Structures are given as structure tokens and as C-alpha cells.
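The values are calculated or read from the model by the stated rules, or taken from the named source; none is laboratory data. Since the structure is predicted, the reported quantities are computational estimates derived from the model, not experimental observations. With ideal geometry, Cβ positions are generated from the backbone for all residues, glycine too; neighbour counts draw on all protein chains shown.
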Amino acid sequence: MQRNTTPRRGVPRCVAGRTAGGRRVSAPLRGWSWVPLLAVLATLVASCTTSHGSGPAPPSAQATGSTGSSGSVVRSWVTTADARLRVAPAPPERWSAVAGSPDVIVENGRRYQQFWGVGASLTGSSAVVLDTLSPSRRLRVMRDIFGRRQGIGLSILRQPLGASDFSGNDDSRVLPLLREAARINPSLAVELSPWSAPASMKTSGSLVGGTLRPDAYDAYARHLVSEARRYRDAGVPVRGLMVQNEPSYSPPDYPGMTLDVTQQGALVRDHLGPALQRSGLGLHLWLLDDNFDRWRDADALLSDPGIAHYAYGVAFHCYRGDVSALRELRARHPGTNLAVSECSGGDWSSSYGHDLRFEARTLVTGAVRNGASWLVKWNLALDPQGGPHHGGCRDCRGLVSVQTGTGRVTRSAGYDAWAHLGRFVVPGARVVGSSVRRGKPLDVVAFANPDGSHVLVVYNAGAGSTAFTVGADGRSFRSRLAAGSLATYSW
């Protein structure tokens, strides 16, 4: 993990989109609304088991799962910046005839990339802390994380292949949890990412530091294919493989390996790409797996037809650069699949509301509007001290925090933000057009699910409560969001 020493601000510099008549912007980021006093009280009663510490209680089956059309009713869920409401059901909104020009327009006729979901990394450290829970408690937590009807619907896991700062020789702990996650969510897809080649294949002779020896490229390609096959044979639904985690960075105290653009290209074009093709595994090969500011490396790789032939997509980390890098790369290489494969929470954040703003603006709306087809946080679970770890990041935090000894599980703002997508957007949904009236401080992103239902996610980036109207398919509804609030609407 290579990140800036200054805290992330969570404000994407540029979000891709279209304008119409110069008065709409394709969601420069923002959010949701308050409801009348009685409605707020009703919502508080419904969410009385939530808190900043414990996160959203698993909702009832009536509140989740299918988001199919409910006729004249739009269902909604809201999370507030003070964590008083966390993915809490709000009173339904009702459709009416369009009067004037809506503030937010959902354009179902404009179809963009498919979206495959949100996720995290079930690292060795995650497995260690989850294993401190009783079997029944652990199963409940896994269902809360991976289930759609009773949880937040995580459908992507990006797994370290071999040792990292949060993984060691952990297969005996990790593999059973990966299989359990796949049983809970049959849509689960696992993407593998190596931190280092075996020490014998490196110039350093160690898992720490160095690069791939020139005579080891073919052997390393065969090693990666063999490892992917081993995971498959162990019952893990592996769908993809990264070339190298953060190839621009050489960690000083945990496994890692640098590969410059020329080395990455040679590995993919001449060894790994052909080896994967011969394997018959049908895996997607992802380039880069590095920070936003390295997008020109991906541009150089994709500009070589021999490399582009084997590449399925490009994966990014969130620690350096700007999310607009996805749009820049896609403009040069139309049709390229894009993803955010790592983005950790940590002690550098000042508050729950600060975290929620970053998650909502940079990832939930910003990355998806710029072309991301899936989004992944870093560790699924850590202890309250950010461990256990093997060097590297000492102030990272998990999607959930597990207090060993007491079994207390604390949900993060990232957990709640992921719920606003994973619980309602079905893997394979299409991102559809959405726009915001200029001057409205709202960040939005919209989806059409395979069953024909729709999901709109809205974040209020303004300093005050914002009322707005949403128009879709010739009808509209009204809503209001408090400052810093995130909401999901489904119909």
C-alpha cells in the first residue's frame, strides 16, 4: 500500500458526464434529504439498533433483496453524516407527473458499463480476527457482509496471492472463509493479486524488495497460472488475475516487487498472457493494480497491441492521484474495463462524516461515473488497532473492526457506503445516464438492474439541507437530504 502522507480530501477533480443545453452537469457529486419531523421519528424508531459503533442492523427481507418496480412508490434508505441514521429505511416517495424540469434526471436510454459490485480483501489478517468469533457469530457477520437480503451484498474479493503486509501462510484460515462467502453469495467473484514472486525468482533473493530476474519470466507466469488453478480446485470462484500489486513501489518491510512498464509488458505479452490462454481457465487479466497517478503506465501498456490482446482491464488504487484518471484512460482506450481494486480506510480520517464524504464522492459516484465496473476496499476485517499486520500500514482500518475477546464488531463508514450499492445494485446491472441541475450540490449515479428495476444513489455535498426533484421515464418524485447525507432510491 503506497499512499500520500497527507489525508485524502475525497473530492474528485473531474467527473465524466454530459451536459444538456449548458445547464446540467453529469453529477459533479452530491446527495439526499431530510423528511418531515414525524417521518424522521418513524425512521429513528426503525433504526434504533444502529449506532456509530455497530453500524446498520441487518434489515428485514422486505427492505432488501429484490428492488423490483413498486408501481407508484419509490423506496429509499439514508445514511447521515453524524451516523445517527445508517442505511435506514425512510418513508417512501411517490411518483407524480413531471412539473417543470427536475433537478436530477435519470436517462435510462443512455447505457454505460456493466457494474459487478463492491467488495474488499479477505486477507490473512481478516481471517485471524474473524476466527476469534464463535462459529455462530462468525457466520452472522459473514452473512451481514456477503448476503444481499440480510446484509450489504459484497460480490467482489480481491485476494493477495502469497504473502503481503496483511497475509502470510494463511490458506488454512482463508480458504474456508472464501468458500463460505461464495455459498452466501453465489455471485461472488475473486480476483487474485500477487505482491511478490517467489524469492528464488527475484534479484533480491527475498520476498522483500528486488524485481523479477530476467531468466524467471516464464517460470513466474507458470507459477501464477498454477496458483490460480489451485484456488479454483479448492472451490474458490476465481475470475481474474492482476499482474502485480503496486509495481511502482518497493516496500521496505513487507513482501513486494517492482516491475517497470517494460517489464510488465514483457511479462504479459510474452509469458503470462499466452500461459493464461493455454490454461483454459478463462481468467480476466488486469493490468496496473496501482494508484490513479500511474494511469499513463496503463496507457503505455495498452498502446502495445501485443499486450492489449491479453488485457481484460485496468485496476486502480485510490491513494495517489485523482479518480478522473479512469476517464482519461478510457478516452484513449475506449471499451477498456476499469476497476478500483484497493482503497483503505484509516486513522488519517477525522470523522465518520469525513469518511462518508470520501466514499460517496470518490468511489460510489466518482469512480463509477468515470467508468469503474467494480469497487474494492482493502482489508475486510481488522482488530481495533489495525492489525494483525506484517509491516506496512500501521494505521489502516478494516471494513469492519473485530474486538478480539468481546466479539464486538464495528462497521465503518465504508461499510455503510458499500451497503448503498451492494444491497440494491445487482451484479451485471448497467450504469445509466444521470444528470444534475447546475447549482444543485448533488452527486449522483444511476443503475438499471437486470430485472428492469432501477437504483439511484445521491450524496448531498452541500453545506445545508437540499430539496430536489428526480425525473425518470416521464414522471418525477420529490425528496430532501441533509448536508453530508447519502441515500439510495429504488423503483
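Out of SER341, SER401, which single residue is under 19 Å from GLU246 (Cβ atoms) and in contact with a Ser or Thr (Cβ under 9 Å, 6 or more places away or on another chain)? Talk me through it step by step, then tell me what you get.
Values: SER401 fails: under 19 Å from GLU246 (Cβ atoms).
Selected residue: SER341, the only one of SER341, SER401 that is under 19 Å from GLU246 (Cβ atoms) and in contact with a Ser or Thr (Cβ under 9 Å, 6 or more places away or on another chain).
Can you tell me which residues in the stretch 90-112 are surrounded by 20 or more Cβ atoms within 10 Å (Cβ to Cβ) and under 26 Å from SER155 (Cβ atoms)?
Scanning the stretch 90-112 gives ALA90, VAL106.
Answer yes or no as to whether ALA181 is under 16 Å from PRO251 (Cα atoms), aliphatic (A, V, I, L, M) and touching a residue at least 24 places away in the same chain (Cβ under 8 Å).
On the way: under 16 Å from PRO251 (Cα atoms): no; aliphatic (A, V, I, L, M): yes; touching a residue at least 24 places away in the same chain (Cβ under 8 Å): yes.
Criteria not met by ALA181.
Does the stretch 235-255 include one or more residues that are buried (at least 19 other Cβ atoms within 10 Å of the Cβ), modelled with pLDDT of 95 or more, in a helix (DSSP H, G or I) and not charged (D, E, K, R)?
no
Which residue, of SER126, SER76, SER121, is in the same structural domain as VAL174 (by TED's automatic domain parsing), surrounded by 15 or more Cβ atoms within 10 Å (Cβ to Cβ) and either among the aliphatic types (A, V, I, L, M) or touching a Pro at 6+ places or on another chain (Cβ under 9 Å) (or both)?
Exactly one of SER126, SER76, SER121 is in the same structural domain as VAL174 (by TED's automatic domain parsing), surrounded by 15 or more Cβ atoms within 10 Å (Cβ to Cβ) and either among the aliphatic types (A, V, I, L, M) or touching a Pro at 6+ places or on another chain (Cβ under 9 Å) (or both), namely SER121.
From THR365, THR336, grab the single residue that is surrounded by fewer than 23 Cβ atoms within 10 Å (Cβ to Cβ) and closer than 30 Å to ARG111 by Cβ.
Details: THR365 fails: surrounded by fewer than 23 Cβ atoms within 10 Å (Cβ to Cβ).
One residue alone meets the criteria, THR336.
Please work out if ASP443 is charged (D, E, K, R), in the same structural domain as PRO92 (by TED's automatic domain parsing) and crowded, with 24+ Cβ neighbours inside 10 Å.
yes
Looking at the stretch 383-405, can you tell me whether even one residue there is farther than 25 Å from LEU177 by Cα, in a loop (DSSP other than H, G, I, E, B) and among the polar types (S, T, N, Q)?
Scanning the stretch 383-405, I find no residue that is farther than 25 Å from LEU177 by Cα, in a loop (DSSP other than H, G, I, E, B) and among the polar types (S, T, N, Q), so the answer is no.
Residues being part of a strand (DSSP E or B) and either modelled with pLDDT under 95 or of a type outside the set (Asp, Glu) (or both): count how many of those fall in the stretch 326-349.
Qualifying residue count, the stretch 326-349: 7.
Out of the stretch 208-228, which residues are part of a helix (DSSP H, G or I) and of a type in the set (S, T, N, Q)?
Result: SER226, single match.
Just give me the residues in the stretch 350-380 being part of a strand (DSSP E or B) and of a type in the set (Ser, Thr, Tyr), in sequence order. Break it down stepwise before answering.
Filtering the stretch 350-380 for residues part of a strand (DSSP E or B) gives 372-379.
Matches in the stretch 350-380: SER373 only.
For ARG140, work out the one condition from (1) surrounded by fewer than 22 Cβ atoms within 10 Å (Cβ to Cβ); (2) under 19 Å from ARG408 (Cα atoms); (3) touching a residue at least 24 places away in the same chain (Cβ under 8 Å) it doesn't fulfil.
(3) is the only condition that ARG140 fails.
What tally of residues in the stretch 283-325 results from selecting those that are of a type in the set (D, E, K, R), within 24 Å of CYS396 (Cβ to Cβ) and part of a loop (DSSP other than H, G, I, E, B)?
Result for the stretch 283-325: 2.
Let's see how each residue does on (1) within 28 Å of GLN150 (Cβ to Cβ); (2) more than 23 Å from the chain's Cα centre (by Cα):
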| residue | (1), (2) |
| --- | --- |
| GLN403 | yes, yes |
| ARG411 | yes, no |
| TYR415 | yes, no |
| ASP451 | yes, no |
| THR469 | no, yes |
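Looking for something surrounded by 16 or more Cβ atoms within 10 Å (Cβ to Cβ) and either outside the structural domain of LEU192 (by TED's automatic domain parsing) or in a loop (DSSP other than H, G, I, E, B) (or both) - is there at least one such residue anywhere in the stretch 265-279?
So far as the stretch 265-279 goes, no, none of its residues is surrounded by 16 or more Cβ atoms within 10 Å (Cβ to Cβ) and either outside the structural domain of LEU192 (by TED's automatic domain parsing) or in a loop (DSSP other than H, G, I, E, B) (or both).
Against the condition assigned by TED's automatic domain parsing to the domain that holds LEU133, at pLDDT 95 or above, charged (D, E, K, R) and in contact with a Ser or Thr (Cβ under 8 Å, 6 or more places away or on another chain), how does ARG411 come out, does it pass?
It is true that ARG411 is assigned by TED's automatic domain parsing to the domain that holds LEU133, at pLDDT 95 or above, charged (D, E, K, R) and in contact with a Ser or Thr (Cβ under 8 Å, 6 or more places away or on another chain).
How many residues are assigned to a strand (DSSP E or B) and either farther than 21 Å from ASP416 by Cα or of a type in the set (A, V, I, L, M, F, W, C) (or both) if we restrict to the stretch 467-491? Explain how you work it out, then say what you get.
The first filter runs over the stretch 467-491 and keeps only residues assigned to a strand (DSSP E or B), leaving 467-472, 475-481, 486-490.
From what's left, either farther than 21 Å from ASP416 by Cα or of a type in the set (A, V, I, L, M, F, W, C) (or both): 467-472, 475-478, 481, 486-487.
Going through the stretch 467-491 one residue at a time, the tally reaches 13.
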